[in-house]
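I have placed the structure first, in the form of structure tokens, so that the comments after it can refer back to it.
Read-outs: derived from the displayed coordinates by stated rules, not from any lab. All values reported here derive from a predicted model rather than from experimental measurement. Because the Cβ atoms are built from the backbone with ideal geometry, glycine has one as well, and the counts that use them run over all protein chains shown.
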Amino acid sequence: MNEAQTTPLTRHAQRVSAVELLYSLDMNNETTFTPSEYDFVNEVVNGILTYKETLDQIISEHLERWTVKRLSFVDRAILRLATYEMYAMEIPGEIVIDEALKLTRTFTDEGDNKAVAFNNSVLDKIKKTLKK
């Protein structure tokens, strides 16, 4: 029997999958999802849904002249994912921010680096606060 083998996704690709899932849930105002075949995706999406109010509060405290609701759905998903990874999973901030900026370049940056600079600034402030 010849079964198709699925190639394991890199952690970056799993983050892409998580952002896409978070975006969809947020757009449709849903709180339940069909689990992924990847434990990391399920862990972060479940965690973000569980700690959404806390994460949004942390993000909100580090925004200047913006609110969490005013952020695009994709940037909100990226910031929630990165904040969750630093807050609950204790993944080093440098790694989290680097990955979040890659996601920003892929999904929301229009080539002018404004979205990258914005998310970098917010996440750097969050990183410094969570280290304390």
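Observations on the structure shown:
- Condition check for Thr83 on (1) within 15 Å of Leu25 (Cα to Cα); (2) buried (at least 19 other Cβ atoms within 10 Å of the Cβ); (3) hydroxyl-bearing (Ser, Thr, Tyr): one failure, at (1).
- Considering segment 3-118, the qualifying helices (runs of 4 or more DSSP H), each wholly inside and each with 1 or more residues that are without any contact (Cβ under 8 Å) to a residue 40 or more places away in the chain, run over 11-27, 39-50, 52-61, 93-107.
- Top-ranked residue in segment 44-76 [being buried (at least 17 other Cβ atoms within 10 Å of the Cβ) and under 27 Å from Thr7 (Cα atoms); ranked as farthest from the chain's Cα centre (by Cα)]: Gly47
- For segment 92-115, a residue qualifies if it is buried (at least 16 other Cβ atoms within 10 Å of the Cβ) and farther than 27 Å from Asn28 by Cβ, and the qualifying residues are Gly93, Ile97.
- Tally of residues being farther than 18 Å from Thr83 by Cβ and crowded, with 18+ Cβ neighbours inside 10 Å across segment 18-43: 0
- Tally, over segment 65-122, of residues that are under 18 Å from Leu55 (Cα atoms) and either touching a Cys at 6+ places or on another chain (Cβ under 8 Å) or small (Gly, Ala, Ser) (or both): 7
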